[in-house]
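Notes to accompany the following structure.
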Amino acid sequence: MFPIYKQLKLERKSIYFVIGVSVVFCSLSAGFSLVGTVLPDKIAMINPIEHGSLSIKEIGGHFIWGAVAALVTLRLRYILLGGLFAVLIDSDHLIGLLHTEGIPRMGHSITFAIIATIVLMLVFSKKDYRLGTIVGTSVLTHISYDIFDGSYGFPILTPFMDKIIQFPKIDWMVFEIAAIAIIGVSSFIITKKESVQKNTSTQ
Ligand SMILES: [Zn+2]
């Protein structure tokens, strides 16, 4: 296994990777929210700026929740991505600027988590399972902070069921712990596999 300090250093290559992945993720979340404009249960959207969705507190909160869950990867690029994805899911609010009808918070759903995981792995690396895990769980860490901060309803099952599902405030812990557990278990398995591969290739 590599020494930890090596994993926590951010090389230029990693910076480009983090920026590239974040841009694609952000476009995906904004693009997926357009799907809501053709769904039967659409409603008038609220302007995100008037609504205060872009406050520093909310951005910081989402980043911390996402980055903390990704700490268990012990790799700086995935810790940063964990934070950035959790912030960028809210680009599904941008559709509110169009003054159209849609389903609010389309990115806050299982379907978005699955689509984003598949697309990002196909675009960047089919074998980067750490990336896949961080993308998929970012919806969990994002919703965790939203619940913690006071909003309880999300279209988790859209587009199959557009009903806004409500969660009690205490559930923020369930979402965050679930994310940490999934990232922790998968990181453990991935690191173990990598060290086995390394050992067999050096023999
Ligand atoms: Zn949100």
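Derivation of every value follows stated rules applied to the coordinates shown; laboratory data play no part. All figures in this text were calculated on a predicted structure; none of them were measured in a lab. Every residue, glycine as well, gets a Cβ built from its backbone with ideal geometry; the counts of neighbours run over all protein chains shown.
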Self-check item: Helix-only mean residue ellipticity at 222 nm for the chain, each DSSP H run of n ≥ 4 adding -39500 (n - 2.57), per residue, nearest 500
Solution: -21000 deg cm²/dmol
Exercise. Pick out which of TYR129, TYR78, TYR16 has the largest mean-square fluctuation in a Gaussian network model of the chain, springs linking Cα atoms closer than 10 Å.
Key: TYR16
Quiz prompt | D_trans [Stokes-Einstein, Kirkwood Rh over alpha-carbon pairs] for the chain, 10 °C, 1.306 mPa s, µm² s⁻¹ | solution = 91 µm²/s
Exercise. Using Cα pairs closer than 8 Å and at least 6 residues apart in sequence, work out the relative contact order for the stretch 121-203, in percent.
Key: 31 percent
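Please report the net charge: other residues with Cβ closer than 13 Å to the Cβ of PRO40, K and R +1, D and E -1.
Spelling it out: positives minus negatives among the neighbours equals -1.
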Quiz item: What length, rounded to one decimal in nm, is gained on full extension from LEU74 through to LEU97, with 0.36 nm per residue of separation minus their alpha-carbon distance?
Solution: 4.5 nm
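Can you tally the net charge around THR158? Count Lys and Arg as +1, Asp and Glu as -1, for every other residue whose Cβ sits under 12 Å from the Cβ of THR158.
With Lys, Arg at +1 and Asp, Glu at -1, the neighbours total 0.
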Exercise. Identify which of ILE46, ILE89, ILE156 has the largest mean-square fluctuation in a Gaussian network model of the chain, with springs joining Cα atoms closer than 10 Å.
Key: ILE46
Quiz item: Given DSSP loops and a limit of at most 14 other Cβ atoms within 10 Å, what is the longest stretch of the chain that contains no such trypsin sites (Lys or Arg not before Pro)?
Solution: 10-125
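Just to confirm the filter: which GluC sites (Glu not before Pro) across the stretch 7-86 are DSSP coil and have at most 13 other Cβ within 10 angstrom of their Cβ?
Filter output for the stretch 7-86: GLU11.
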Quiz item: Hey, in the GNM for the chain with a 10 angstrom Cα cutoff, which one of MET121, MET173, MET161 fluctuates hardest?
Solution: MET161
Practice problem: For LYS198, list the lysines whose Cα falls under 29 Å from its own Cα; do not include residues on the same chain fewer than 8 positions away. | Solution: LYS6, LYS9, LYS13, LYS126, LYS127
Quiz item: Where does the charge balance sit around PHE112 when Lys and Arg score +1, Asp and Glu -1, over other residues with C-beta under 15 Å from its C-beta?
Solution: -3
Exercise. Work out the charge dipole of the chain with +1 on the Cβ of Lys and Arg and -1 on the Cβ of Asp and Glu about the Cα centre, then indicate which of GLY31, SER14, ILE170 is farthest towards its positive end.
Key: SER14
Practice problem: Over the chain, calculate the relative contact order: mean separation of alpha carbon pairs under 8 Å at least 6 apart, over the residue count, as a percent. | Solution: 24 percent
Quiz item: Any idea how far the Cα center of the stretch 51-116 sits from the one of the stretch 175-191, in Å?
Solution: 19 Å
Quiz item: So how strong a dipole does the stretch 25-110 carry about its Cα centre when Lys and Arg Cβ are +1 and Asp and Glu Cβ are -1, to the nearest 20 debye?
Solution: 360 debye
